[in-house]
1. Name the single residue that is surrounded by the fewest Cβ atoms within 10 Å (Cβ to Cβ) among those in region 32-49 being within 16 Å of the ligand (Cβ to nearest atom) and outside any loop (DSSP other than H, G, I, E, B).
2. When the residues of region 3-25 are filtered to those that are basic (Lys, Arg) and more than 11 Å from the ligand (Cβ to nearest atom), which remaining residue is least open to solvent (accessible area, probe 1.4 Å)?
3. Quick one: count up the residues across region 155-205 that are part of a loop (DSSP other than H, G, I, E, B), touching an Asp or Glu at 6+ places or on another chain (Cβ under 8 Å) and under 21 Å from MET219 (Cβ atoms).
4. Looking at region 54-89 only, could you name the residues that are part of a loop (DSSP other than H, G, I, E, B), of a type in the set (S, T, N, Q) and more than 15 Å from the ligand (Cβ to nearest atom)?
5. Do you know which residues across region 106-127 are hydrophobic (A, V, I, L, M, F, W, C) and either within 15 Å of the ligand (Cβ to nearest atom) or not in a strand (DSSP E or B) (or both)?
6. Among the residues of region 30-40, is there at least one that is of a type outside the set (Val, Ile, Thr) and more than 30 Å from ARG258 (Cα to Cα)?
7. All but one of (1) more than 17 Å from the chain's Cα centre (by Cα); (2) hydrophobic (A, V, I, L, M, F, W, C); (3) open to solvent by 10 Å² or more (accessible area, probe 1.4 Å) hold for ILE269; state the number of the condition that does not hold.
8. Within the group GLU105, GLU137, which residue is under 17 Å from the mean Cα position of the chain (by Cα) and either open to solvent by 10 Å² or more (accessible area, probe 1.4 Å) or among the hydroxyl-bearing types (Ser, Thr, Tyr) (or both)?
Amino acid sequence: MEKLIISVGITGSRITRKQTPYIPITPEEIAQSGIEAWRAGASVLHVHVRDPKTGLGTQDISIFKEVVDRIRSETDAILCLTTSGIPGRNLSIADRLQPLSLHPELVSFDAGSVNMGEHVFLNPPEFLEALAKETLEMGIKPELEVFEVGMVYTCLRYLEKDLLKSPLHFQFVLGTAGGMPATPKSLLHLSEIIPQGSTWSVIGIGVGQLPMAIMGMVMEGHVRVGLEDNIYYSKGVLAKSNAQLVDRVVRVAKEFGREIASPSDARKILNFS
Ligand code: ZN
């Protein structure tokens, strides 16, 4: 079996300190939490940053730079920077593309719009086309985030139009309020309709995190865990860190007999040129 790539959604943009005291907020906390997760076995760090004043997500490039510099100085982790903007705020395309200027190896590419709680997570065609063009020009691989099945077909259309390049890398996001549920059937269907030779990883939101991680592991995909997607370790018990969530996946993978990919293994698996 191929080695397992573990990605970590370090903090996202929405979880607050009221929900969990363990969510990293400052650039130093976000970087440190990512570094600990890398030490625990994560090879991909998915990064959002927070405005230290409001505690919520920001696209402020200077804060991104501080986090990225700190992580790069201590790890060889693959960085996957977010382009998702801030929920409920209609940021310009240019603002959302700013993290690309830091030359990460991966950026998130949310392949369509979807309702998320009180907000619409807007990813209109003009944004997706601009993002796709920029990733092609800069040689950055888009991580194709899929919340529902139509988004796979959106990616296939962009592949036909040469806006995306094979082999594709998908991140299935299952269990959001407006998307597909975190069930084995969702994952089976999605993994069957993507082009041969694609790589995929799965995120289960909330209670879906551990079951989807185990499913992804068994189905020879890859997995993402982390506080962005789930703040609990078990029912009613908050996770204390991203590393704690990574540790558990590493333990299960070892029992199952799947080796953990280092960042350099992950670069080969993800076909970075
Ligand atoms: Zn994210």
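The values are calculated or read from the model by the stated rules, or taken from the named source; none is laboratory data. This one's a predicted model, so the numbers in the text were calculated from it and none came from an experiment. Glycine also receives a Cβ, built like all others from the backbone with ideal geometry; neighbour counts cover every protein chain displayed. When the accessible area is computed, the model is the full protein with side chains, heavy atoms only, and any ligands, DNA or RNA have been set aside. Shrake-Rupley method; radii C 1.70, N 1.55, O 1.52, S 1.80 Å.
1. Initial filter on region 32-49 (within 16 Å of the ligand (Cβ to nearest atom)): 33-34, 37, 42, 44-49.
Still in the list and also outside any loop (DSSP other than H, G, I, E, B): 33-34, 37, 44-47, 49.
On the way: SER33: 23, GLY34: 29, ALA37: 30, VAL44: 27, LEU45: 30, HIS46: 29, VAL47: 26, VAL49: 29.
Looking at the filtered set, the residue picked out is SER33.
2. LYS3
3. Count: 3.
4. The answer is THR54, THR75.
5. LEU106, VAL107, PHE109, ALA111, VAL114, MET116, PHE121, LEU122, PHE127
6. no
7. (1)
8. Working: GLU137 fails: under 17 Å from the mean Cα position of the chain (by Cα).
That would be GLU105, the only listed residue that is under 17 Å from the mean Cα position of the chain (by Cα) and either open to solvent by 10 Å² or more (accessible area, probe 1.4 Å) or among the hydroxyl-bearing types (Ser, Thr, Tyr) (or both).
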